[in-house]
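Coordinate-derived values only; no laboratory data. Because the structure is predicted, anything quoted here is derived from the model rather than measured. Cβ coordinates were reconstructed from backbone atoms using ideal geometry, including for glycine residues, and neighbour counts include every protein chain displayed.
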Amino acid sequence: MMHDFLSNNLDELIDRCRLKVACRPARNATDAQLQNGIPLFLDQLIQTLRVEQTAEPMGRRRISGLTSGGVSFSTMGEHGRQLLELGFSVDQVVHEYGDLCQAITDLAYECDVPFEIEEFRTLNWCLDNAIADAVTEFSYQRDAESTDRHVWDMNERLGFFTHELRNFLQTATLAFAAAKAGNLSLSGATGAVLERSLTGLRDLIDESLADVRLTAGATESAQLFSLADFVADIKEMATLSAQAYGCDFTAPGVDARLAVSANRELLLSATGNLLQNAFKFTRHNTEVTLNAYAVGDRIWIDVTDHCGGLAAGDVETMFEPFRQNGVDRTGIGLGLSIARRSVEAIAGKLSVRNIPESGCVFTISLPRYALPEE
């Protein structure tokens with residue numbers, strides 16, 4: 001009987017499986033895994049084989065599941081979960097079962113111990129069920145971990161957003177109350193505080209909407225549009241923001257023949273975020289410049305500021321979500337991350353070049369197109 005053979009040679013089978021594991025150095029198992037992994041399965045396999053010799057052989061289903069596979073609530077199904085709890089990866093689980101099957105077959109051949117065909121069938125479907133349950137459990141744990149991570153990320157973003165929203169709103173409310181109580185002119189210092197707060201609220205909401213649009217994948221198909229018209233629209237919107245931050249803004253003319261084929265809203269969002277970042281960090285009374293031009297088969301959109309240059313390591317980390325490298329900590333640190341994601345979503349590239357002691361240049365690179373002749 002196979003169950004007697006397994007019981008009598010339990011230690012030998014475990015040693016052989018451990019030796020096979022040791023031959024795979026890239027997937028070494030821990031002492032706890034080696035101590036508990038295979039014995040758990042062997043115990044349940046022996047129980048299954050013994051039940052098959054009783055007057056109620058179908059009782060094996062409670063131990064090893066259905067011979068046809070599928071969802072079951074067997075103790076064999078618990079084995080995969082126990083292995084994963086021990087820290088086994090799913091490929092380690094599959095290898096462990098393969099090692100055991102080979103160890104049983106080799107030892108039986110060496111000892112010249114014959115097995116019934118039904119016993120081999122039992123061994124095979126027990127292995128099949130155990131592997132299937134382990135893979136199913138692994139997928140469940142991975143999905144659960146992914147869901148937990150997603151919820152944590154969403155809560156973190158919501159927390160940042162709510163905190164900054166409250167700060168801007170509170171400052172704007174206080175400034176308005178002071179201006180109203182003192183009958184102050186909005187062209188004075190209090191009016192400037194109110195204006196900055198409202199500008200911050202607008203930028204915060206724009207960033208959040210862009211992030212939602214990207215996350216939800218709610219993007220329109222690409223369209224061909226004039227680069228000159230696009231820059232003109234950007235210039236009109238950005239001029240007021242530049243004034244609010246106390247800096248100059250220039251956007252030289254663009255070749256009227258140049259065109260871009262992309263999602264215009266995403267490119268608008270990315271360029272707007274780069275400009276807001278430039279206005280925020282450029283030194284007071286300096287200039288921010290937007291240049292759009294073509295070189296070869298690419299269109300380049302440069303946003304240049306005078307922030308004084310980047311610190312060591314900033315170039316590598318500044319596009320990470322919630323990263324705030326500058327002194328000004330207003331906002332939630334998503335602007336540059338959203339800008340890069342937006343550009344990449346329209347098959348473009350976003351990079352930054354540091355100009356020591358001066359500032360930095362953010363560059364959007366896109367495929368070059370031309371407007372059709374009228």
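Considering amide H positions built from the backbone, and no H for Pro or chain starts, which residues 5 or more places from R368, or on another chain, come under 5 Å of its amide H?
Answer set, sorted by chain and number: R298, I299.
For a Förster distance of 41 Å, can you work out the FRET efficiency between the beta-carbons of I355 and T136, rounded to the nearest 0.05?
The computed FRET efficiency comes out at 0.15.
For A232, put the label point 7 Å out on the Cα→Cβ axis and report which residues of the stretch 240-259 keep their amide N under 11 Å from it.
254, 256
What distance in nm separates the two pseudo spin-label positions at E344 and R121, each 7 Å out from Cα along the beta-carbon direction?
5.3 nm
Any idea how far apart D297 and A189 come out in nm if each label point goes 7 Å out from Cα toward Cβ?
Label-label distance for D297 and A189, simple model: 5.8 nm.
With labels modelled as points extended 7 Å from the Cα through the Cβ direction, what inter-label distance (nm, one decimal) is found for L371 paired with D11?
The answer from the label model is 8.8 nm.
Could you order the peptides 236-242, 288-294 from most to least packed, using the average number of other C-beta atoms within 10 Å per residue?
288-294, 236-242
Hey, can you rank 252-260, 193-201, 301-309, 267-275 by average C-beta count inside 10 Å, highest first? Walk me through the numbers on the way to the answer.
Values: 252-260: 16.0, 193-201: 18.9, 301-309: 20.7, 267-275: 24.1.
Ranked by mean Cβ neighbours within 10 Å, highest first: 267-275, 301-309, 193-201, 252-260.
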